[in-house]
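Visitor: Supplied in structure tokens, the structure appears directly below.
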Amino acid sequence: MSRQPAPQSRPVALTVAGSDSGGGAGVQADIKTMEAHGVFATSALTAVTAQNTRGVERSHVLPTAEIDAQIDAVLDDFEVGAIKTGMLATGEVVELVADRLAAYDGSIVIDPVMVATSGDRLLEPEAEAAYEALIGEATVVTPNADEAAVLTGTDPEDADDAREAGEALVGMGAEAALLKGGHLPTEDVQDVLVTDAGSRVFEHARVDTEATHGSGCTLGSAIAARLARGEALDGAVAGALDFMERAVRYPLAVGEGPGSIHHLAALRNRAAREPTAEEVQEIVERFVAADLRGLVPEVGLNVVGATPYAEGVSETAAVEGRITKTMSGIAPNRGVRFGASSHVARFLLSAREFAPDLRYAVNCRFDEDVEGALDALDAPVTEFDRAAEPEDVKAKEGSTMGWGARQAFDVAETPAAVIDRGEVGKEAIVKLVAPDPETLIERTLTVHGALDETV
């Protein structure tokens, strides 16, 4: 018996760019990113490069007739919602692509690829002058600081300079310009979006990594994919920046160079939601069966699990209403859901800034008896005292957990337990942390067993 197919409709995007044999940038990065956004990716190769995580070794530009034929083949068959350009290499190719885009009425993202992250030149100097016509067709152009300097003569060093360069690009005909802030000498990364209506600065923490190869390609193709899905430009840029930040935060350790950004991090994270919730539920059931009433604090006990690439509380699963004591043991008040924990979840996310492999945590009662029971753990135990927290940190909403995690992880890189001595007049807590459910269960039951022996 044959099965009936179940076709699905998907938006389509086209990338016109060079091939990266190392897989981290170029057409390969564009296709991974577009597909991760649920968009069917098509491509027209402009050049073939021999490169890896260490740099570019060789490159070969395809004849313009072959590039033109690829664009023809795609546009003749697909309803393309957005086109993104990357490495165009020569003036002839830039002019060809500009001519083709002039006849296209969809969204256009121009990533003016001129220099690779490694410092290798990817655009002939004479081709730079041909870019003005291409920029004039752009829905949005996305240069970094170096590229903006070449295109506008303005060398951005801060958000104000970036805004000025963006205004120059809009003056050249682009509907919008996104000045990428990764190369700007600012503490946080500041990306500046400029349109005729004004400007907006997107600010996020800088990730301390050299594995940023392909980040520009990834951002541009994420914007193109979101525009192909019908999103407005402002939302498409904001979503693409969040997508790229996660991809850089969790790079892949591949090759002998710095590695590659993780184009599928967001997709893998979404796929891990249900398994993470199921693991938290399993931990809860094990704790209920073990009757951990001796470890339940006054505020209630909670178990939190973070997805592998979690960036916020909404990506952590926990017991809604916590676990409390009953006449016969302990029981969860309600079920497991995402975003159900605030305090423990924020601590776990803060801890992951220092030990990203940590994914699970539980908050337990703390007193002298529990402190003695912690000696049974075959791993470091650290602590922080909120009474010592600086006043300027206390004034920042939600900052306590970050400050506490820093104090704890400065002492031991991978503690099994962190004592939170609490604020004056409030209950002290010990948080057990682990990279996987079994380790968290083992550590918690070890402390519980040692506590029973002590009592």
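Visitor: Translational diffusion coefficient, Stokes-Einstein: compute it for region 1-116 using the Kirkwood radius over C-alpha pairs as Rh, at 37 °C and 0.692 mPa s, and state it as an integer in µm² s⁻¹.
Guide: 219
Visitor: Given a 1.4 Å probe, how much area per residue of region 168-219 is accessible, in Å²?
Guide: The answer is 45 Å² per residue.
Visitor: Glu79 to Arg206: extension gain in nm, 0.36 nm per residue of separation minus the Cα-Cα distance? It would help to have the intermediate numbers written out before the result.
Guide: Values: separation 127, 0.36 × 127 = 45.72 nm, distance 3.75 nm.
Extending this stretch completely gives an extra 42.0 nm.
Visitor: Now for a different question. Divide by every residue of the chain the summed helix terms, -39500 (n - 2.57) for each DSSP H run of at least 4, and state the resulting mean residue ellipticity at 222 nm, rounded to the nearest 500 deg cm²/dmol.
Guide: -11500 deg cm²/dmol
Visitor: Cross-chain or 8 or more residues apart, Cα under 28 Å: how many lysine pairs in the chain fit that? Count them up, please.
Guide: 10
Visitor: Can you give me the Kirkwood hydrodynamic radius for the chain, using every pair of distinct Cα atoms, in Å to one decimal?
Guide: 24.3
Visitor: Over the chain, what percent of the accessible surface lies on carbon and sulfur atoms, probe 1.4 Å?
Guide: Carbon and sulfur atoms account for 46 percent of the accessible area of the chain.
Visitor: Could you pull out the trypsin sites (Lys or Arg not before Pro) across region 1-80 that fall in loop regions by DSSP (anything but H, G, I, E, B) with no more than 14 other Cβ atoms inside 10 Å?
Guide: Arg3, Arg54
Visitor: Still on this structure, please answer the following. Just in region 189-235: which trypsin sites (Lys or Arg not before Pro) are loop by DSSP and have at most 11 other Cβ atoms within 10 Å?
Guide: none
Visitor: May I ask you to derive the relative contact order of region 272-363, considering only C-alpha pairs under 8 Å and at least 6 residues apart, and to give it as an integer percent?
Guide: On the way: 169 pairs, mean separation 27.9, N = 92.
Reported as a whole number, the value is 30 percent.
Visitor: D for region 156-205, whole µm²/s, Stokes-Einstein with Kirkwood Rh over alpha-carbon pairs at 10 °C and 1.306 mPa s: what number?
Guide: Translational D for this selection: 150 µm²/s.
Visitor: Cα-based Rg of region 180-334 per 2.2 N^0.38 Å, rounded to two decimals?
Guide: Taking the Cα Rg and dividing by 2.2 N^0.38 Å, one obtains 1.39.
Visitor: Do you know the relative contact order of the chain, to the nearest whole percent, from alpha carbon pairs under 8 angstrom that are 6+ apart?
Guide: 10
Visitor: I'd like the antiparallel share, as a percent to the nearest 5, of DSSP beta bridges with both residues in region 1-134.
Guide: 25
Visitor: Quick one: pull the percentage of alpha-carbon pairs in region 129-270 with a separation above 27 Å. If you can, show how the numbers build up before the last one.
Guide: Numbers: 1903 of 10011 pairs.
Taking all Cα-Cα pairs of region 129-270, the fraction more than 27 Å apart is 19 percent.
Visitor: Would you work out the relative contact order for region 25-182, in percent, from Cα pairs under 8 angstrom that are 6 or more residues apart?
Guide: 16
Visitor: Continuing with this model, one more query. With bins 10 Å wide starting at 0, give me the P(r) of region 67-197 over every alpha carbon pair, in whole percents.
Guide: Each 10 Å bin holds this share of Cα pairs: 13, 43, 32, 10, 1.
Visitor: What number results when the radius of gyration of region 177-222, computed over Cα atoms, is divided by 2.2 N^0.38 Å?
Guide: On the way: Rg = 11.5 Å, N = 46, 2.2 N^0.38 = 9.4 Å.
Its radius of gyration relative to the 2.2 N^0.38 Å reference: 1.22.
Visitor: Just need the Rg to Rh number for region 258-394, please, alpha carbons only, Kirkwood Rh. Working shown, then result.
Guide: Numbers: Rg = 16.4 Å, Rh = 16.4 Å.
Rg/Rh: 1.00.
Visitor: Another question about this same structure. For region 1-119, report the accessible area per residue in Å² (1.4 Å probe, heavy atoms, rounded to an integer).
Guide: 47
Visitor: So how many Å³ per residue does the convex hull of the Cα atoms of region 257-308 work out to? Could you put the intermediate results ahead of the total?
Guide: Numbers: hull volume 6.6 nm³, N = 52.
Per-residue hull volume (Cα only) is 126 Å³.
The values are calculated or read from the model by the stated rules, or taken from the named source; none is laboratory data. Just so it is clear, the structure is predicted and the values come from calculations on it, not from any experiment. Every residue, glycine as well, gets a Cβ built from its backbone with ideal geometry; the counts of neighbours run over all protein chains shown. SASA here: full protein model, heavy atoms, side chains in, ligands and nucleic acids out. Shrake-Rupley method; radii C 1.70, N 1.55, O 1.52, S 1.80 Å.
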